[in-house]
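Everything on this sheet refers to the single structure shown next.
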Amino acid sequence: MSQVQDCDVKKCRGRPKVFDREAALDKALTLFWTHGYEGTSLADLVAATGAKAPTLYAEFVNKEGLFRAAMERYVEKFSAWREAALGDDQLSVDRAIEAYFRSTAACFTERDSPGGCFFICTSTALSAASAEIATMLQQQHQSQEHVLSDFLLVRQQRGELSAAVNIPALSRYLGCMLQGMSVRAREGAERDDLEGIIDTLMAMWPTLTGLCQDRG
């Protein structure tokens, strides 16, 4: 073998693997989703992603930075899909809500992912030492409620909901429904179980919009 060929072989052998950021985030997301922020160690993340600790630190700065990136990955992969129905102007307000909740049921019980909502699951086991993480998750909870509130407000302004409907109250109720569905999915509920809850929600929809009204 010539010196040039020998040099080329050594270069190939010594060439570092390209860091796959999205693949690493998907694996980190699954770990955080399954075990929570505090229950996931750096060693767990290194083992799951296949990246060395210096590589993860160079890319995400620290564990909190990696968690933040994983959270954004969840929004990108799951939240946009769930919220698509709310942007469909061809659907009536009740059908859009129904489609949103049924997409959520599918997401919460997806076989290839841990059960429930990432934000809800990871916020239930945080200590006082993780105040910044808790704040991040609380903001995401509020964001989900705001998405519903903005949708309902737009439809109210179009005359599809009575002007008397209290949008914040209705949004809070629907947010609680999402949290309950997440808990049940985390405990192992099947999609059919969540679908039954949604059936009840939609059967109650006319009454619910009547109850969630300003009384002044």
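The values are calculated or read from the model by the stated rules, or taken from the named source; none is laboratory data. Everything numeric in this text was worked out from a predicted model, so none of it was measured. Neighbour counts run over all protein chains shown; Cβ positions are idealised from the backbone, glycine included. Side chains included, ligands, DNA and RNA excluded: accessible areas come from the protein's heavy atoms. Shrake-Rupley method; radii C 1.70, N 1.55, O 1.52, S 1.80 Å.
Computed from the alpha carbon positions, the gyration tensor of region 90-216 leads to an equivalent ellipsoid with semi-axes of 27, 19, 12 Å, biggest first. Maximal additional length on extending the Arg95-Glu132 stretch stands at 9.6 nm, based on 0.36 nm per residue less the C-alpha distance. Amide H to amide H, with H built 1.01 Å from N, Gln213 comes under 5 Å of Asn166, counting only residues 5 or more places away or on other chains.
For the chain, the per residue solvent-accessible surface stands at 55 Å², with DNA, RNA and ligands left out and a 1.4 Å probe. Taking each DSSP H run with n ≥ 4 as -39500 (n - 2.57) and averaging over every residue of the chain yields -22000 deg cm²/dmol at 222 nm. Dipole check for the chain: with +1 at the C-beta of Lys and Arg, -1 at the C-beta of Asp and Glu, and the Cα centre as origin, the magnitude is about 680 Debye. Against the chain, whose longest principal axis comes from its Cα atoms, helix 21-35 is set at around 60 degrees. With only Cα atoms counted, region 41-139 has Rg and Dmax values of 16.6, 51 Å.
Coupling constants for region 139-144 follow from the phi torsions by the Karplus curve (6.51 cos²θ - 1.76 cosθ + 1.60, θ = phi - 60°), and in residue order they are 4, 5, 4, 5, 4, 4 Hz; glycine and proline get x. Testing the spin-label approximation: label points 7 Å from Cα along Cα→Cβ at Leu211 and Val61. State their distance in nm. That separation, rounded to one decimal, is 4.4 nm.
Taking 0.36 nm per residue of sequence separation and removing the Cα-Cα distance, the Gln157/Ala53 pair yields an extension gain of 32.3 nm. For Asp20, no residue 5 or more places off, or on another chain, has a built amide H under 5 Å of its own.
For region 72-115, the fraction of C-alpha pairs more than 15 angstrom apart is 44%.
Converting phi to 3J(HN,Hα) with the Karplus coefficients 6.51, -1.76 and 1.60 and the offset θ = phi - 60°, region 60-77 yields 10, 6, 7, 4, 4, x, 5, 5, 4, 5, 5, 5, 5, 5, 4, 4, 5, 7 Hz in sequence order, with x at every glycine or proline. Here the chain exposes an accessible surface that is 51 percent carbon and sulfur, computed with a 1.4 Å probe and the other protein chains kept in place. Once you divide the Cα radius of gyration of the chain by 2.2 N^0.38 Å, the number left is 1.31.
Think of each Lys and Arg Cβ as +1 and each Asp and Glu Cβ as -1; about the Cα centre, that makes the dipole of region 98-176 roughly 180 debye.
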